[in-house]
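Please read the structure below before turning to the comments.
The values are calculated or read from the model by the stated rules, or taken from the named source; none is laboratory data. This structure is a prediction, so every number in the text was calculated from the model and none was measured. Every residue, glycine among them, receives a Cβ derived from its backbone with ideal geometry; neighbour counts consider all protein chains shown. Only protein heavy atoms, including side chains, enter the accessible area calculation; ligands, DNA and RNA are left aside. Shrake-Rupley method; radii C 1.70, N 1.55, O 1.52, S 1.80 Å.
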Amino acid sequence: DVPVGATDEHGVVTLVGSTFQEMIADASKDVLVEFYAPWCGHCKQLAPIYDKLASEMRSVSSVVIAKIDATANDVPEDLKMGGFPTIKFWKAGSLRSPMEFEGDRTVKGFRKFLKANAGIKFELPSKKKKKAIAEL
């Protein structure tokens, strides 16, 4: 089991009922949350993509990439779950009502969604800059 509020090696924050409420209440963060079920095939397929997204977003302190096991934690009833995985986004500075993630469930699709909807604008280091830094 992952400790409460733990961040894995990719940068994905694992939430539980209590830390979920704290996280979405933080108006200084843009928070993307995957509600998953451990037995869900689509969730398992999404995991490596979500991990890669979190790795790429690590340098952006205002963005949190998180997940919560919706079968083992109390999730507010007003969050409509149409199935698993359900992905919702809480925009920084907003009244903290979530947006439904709509887009391609690819790293590029998530990045595009985050850039378009983030309450705190950010720039990701370009691939060329990353490569130049790696070569130093």
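So what's the gap between the Cα centers of the stretch 16-32 and the stretch 42-84, to the nearest angstrom?
Centre-to-centre (Cα) distance: 12 Å.
Once phi is turned into ³J(HN,Hα) by the Karplus curve 6.51 cos²θ - 1.76 cosθ + 1.60 with θ = phi - 60°, what whole-Hz value does each residue of the stretch 105-120 show in order, with x for glycine and proline?
3J(HN,Hα) across the stretch 105-120, in whole Hz: 8, 10, 4, 4, x, 5, 4, 4, 4, 5, 4, 6, 10, 4, x, 10.
If you roll a 1.4 Å probe over the heavy atoms of the protein chains, what accessible area per residue do you get for the stretch 3-66, in Å²?
With all protein chains present, the stretch 3-66 gives 45 Å² per residue.
Roll a 1.4 Å probe over the protein heavy atoms and report the accessible area of Arg105 in Å², nearest 10.
The accessible area comes out at roughly 100 Å².
Over the chain, what percent of the accessible surface lies on carbon and sulfur atoms, probe 1.4 Å?
C and S atoms contribute 55 percent here.
Quick one: accessible surface of Met81, probe radius 1.4 Å, all protein chains present, in square angstrom to the nearest 10.
Here the residue's solvent-accessible area equals roughly 70 Å².
Output the pairs from Lys44/Lys115; Lys52/Lys112; Lys67/Lys88 with a Cα-Cα distance over 19 Å in this structure; if there are none, say none.
Lys44/Lys115
Compute the longest continuous run of the chain that contains no exposed GluC sites (Glu not before Pro); treat a site as exposed when its DSSP state is not H, G, I, E or B and it has at most 13 other Cβ atoms within 10 Å.
Free of exposed loop sites, the longest segment is 10-76.
From the Cα gyration tensor of the stretch 39-100, with a ≥ b ≥ c the square roots of its eigenvalues, which class applies: rounded if a/c is under 1.5, or else prolate if a/b is larger than b/c, or else oblate?
It is oblate, given that a/c is not under 1.5 and a/b is not larger than b/c.
Any chance you could get the radius of gyration and Dmax over the Cα atoms of the stretch 1-106, in Å?
Cα radius of gyration and Dmax of the stretch 1-106 are 12.7, 34 Å respectively.
Treating cross-link reach as a plain straight distance, find the aspartates and glutamates whose alpha-carbon is under 18 Å from the alpha-carbon of Lys91, omitting any fewer than eight places away in the same chain.
Straight-distance partners of Lys91: Glu22, Asp26, Asp30, Glu34, Asp78, Glu100, Glu102, Glu123.
How much of Ser55 can a 1.4 Å solvent probe reach, expressed as accessible area in Å² and rounded to 10?
The value for Ser55 is about 50 Å².
What ³J(HN,Hα) values, in whole Hz, does the Karplus curve 6.51 cos²θ - 1.76 cosθ + 1.60 give for the stretch 18-29 when θ = phi - 60°, with x put for Gly and Pro?
6, 6, 4, 4, 4, 4, 6, 7, 7, 6, 8, 10
Which value in nm describes the separation of the simple spin-label points at Thr7 and Lys44, placed 7 Å from the Cα toward the beta carbon?
2.9
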